[in-house]
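One structure below.
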Amino acid sequence: MNQDGTITERAVAVLKKNKIIVILELLYGGTISVFLYSLSKLNKILLTLESHFEVLAYNNGQALQFFVLAFALAGIGVFIIYKCIQKIRTYYDIEDGDIILLILIIIMNIILLILIVIFINNPILRSIIVVGTLLSVYIASTN
């Protein structure tokens, strides 16, 4: 058997052994992809609006719904990264292929988290910060 066959067989064995992790990661990555696509379309509309209040009020608060969903999806991503790191650190008999798979999952999730932050930052997060600051100043000045 040639070296490529051995590597391929080992990779397939690692994927089969960790099929639940792989399936969950593919579902998470797919969900994030659909979310980012939808968020990108929403951002194009929101960028045409003139005020931060209009951004937050658009389509019955759709921007806030996306913000909450982004926060939840980011939380799931952080949890996945935490569990992968925990698995690498606590299992001394873990095989090299499993470690490589977990590291790839960690890298993929870090990239997805960065994309969530980039996409939600403009204009939704900016509007939330501006409106939140204005509300805080108003509340503080009335007390």
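The values are calculated or read from the model by the stated rules, or taken from the named source; none is laboratory data. Only a predicted model underlies this, so the values are computations on that prediction, with no experimental measurement involved. Please note: Cβ atoms are built from the backbone with ideal geometry, for glycine as well, and neighbour counts cover all protein chains shown.
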How many of the residues in region 60-103 are farther than 22 Å from Ile32 by Cα and not basic (Lys, Arg)?
14
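Residue-by-condition table, conditions (1) more than 15 Å from the chain's Cα centre (by Cα); (2) more than 30 Å from Lys16 (Cβ to Cβ); (3) modelled with pLDDT of 90 or more:
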| residue | (1), (2), (3) |
| --- | --- |
| Leu73 | no, no, yes |
| Val78 | no, no, yes |
| Ile107 | no, no, yes |
| Val117 | no, yes, yes |
| Leu134 | yes, yes, yes |
When residues of region 66-121 are filtered for being in contact with a Phe, Trp or Tyr (Cβ under 7 Å, 6 or more places away or on another chain) and either assigned to a loop (DSSP other than H, G, I, E, B) or loosely packed, with under 12 Cβ neighbours inside 10 Å (or both), how many remain?
0
For region 11-25, pairs from a residue that is assigned to a loop (DSSP other than H, G, I, E, B) to a residue that is surrounded by 14 or more Cβ atoms within 10 Å (Cβ to Cβ), with Cβ under 8 Å and 6 or more apart or across chains, are Asn18/Asp98; Asn18/Leu101
Mind telling me which of the residues Glu50, Glu54 ends up being free of Cβ contacts under 8 Å to residues at least 40 places away in the same chain, loosely packed, with under 13 Cβ neighbours inside 10 Å and of a type in the set (D, E, K, R)?
Glu50
